[in-house]
Structures are given as structure tokens and as C-alpha cells.
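Below is one structure, written out as C-alpha cells; comments come after it.
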Amino acid sequence: LDLIYDDLGYDPAGYLVDVSYAASWDGGVTWARTRVTSEGFDANLFPPGATPSIGDYIQVESFATEARLGWTGNGEASTEIFTTTVRP
């Protein structure tokens, strides 16, 4: 099982959002969590005129040897789409 989610657990103050990936090889009994983003971002801050969509678009595609992840986050000029591949 593969899971991607917005995660407040890396920020001691609990307001910066990170993206985490979790995988389970035993049907969900145990999970291994991996931080995907290198640093958290404030989902309440976005450029003027930008439409906030943090958490609206988040996805995982699962394959036998990897998972491909996509999510929205704060970019320099607007909300941006980010992607990465993880190999559990």
C-alpha cells in the first residue's frame, strides 16, 4: 500500500506543511514514513492573485518498484505542481 499526504508532524510549531510518503508491505499493519519535501511551507501564504489549492491536488501512482508522487505547494509566483519518484 502506498500513501501520500500533507504532514504537519515535522514542524514543532505545527503550522508548516510537508509532504510525506508512507508504504506498508503487510496490508497496513505497519507503515514506513518518508519525508518527501526538503522543508516545510506555510500553506496560508501564497502570492497575490493566486488561487490557493494546497491539498486539493495530491496523488500517488504505485508500481512494483517505485511510487510516483504529485502535489501542489507554494511556488515563487503561484501555487505550483511538484513531482518526484520514490523507491521504497
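The values are calculated or read from the model by the stated rules, or taken from the named source; none is laboratory data. Everything quoted here is computed from the prediction, not taken from an experiment. All Cβ positions, even for glycine, are placed from backbone atoms using ideal geometry, and neighbour counts span all protein chains on display. Each accessible area value is taken on the protein alone, full model and side chains, heavy atoms only, with ligands, DNA and RNA left out. Shrake-Rupley method; radii C 1.70, N 1.55, O 1.52, S 1.80 Å.
Rolling a 1.4 Å probe over the heavy atoms of the protein chains gives the chain an accessible area of 63 Å² per residue. Here the Karplus relation 6.51 cos²θ - 1.76 cosθ + 1.60, evaluated at θ = phi - 60°, turns the backbone of segment 20-29 into coupling constants of 10, 10, 10, 10, 10, 10, 10, x, x, 5 Hz, with x for every Gly and Pro. The percentage of C-alpha pairs in the chain whose separation is greater than 17 Å is 50%. If R0 is taken as 25 Å, the Cβ-Cβ distance between Tyr5 and Phe63 corresponds to a FRET efficiency of 0.85. Once each of the GluC sites (Glu not before Pro) sitting in a DSSP loop with at most 11 other beta-carbon atoms within 10 Å is removed, the chain keeps 1-38 as its longest stretch. Accessible area of the chain with a 1.4 Å probe: how many percent of it is carbon plus sulfur? Carbon and sulfur: 52 percent of the exposed surface of the chain. In terms of the mean number of neighbouring beta-carbon atoms within 10 Å, the peptides 21-28, 9-16, 68-75 order highest first as 68-75, 21-28, 9-16.
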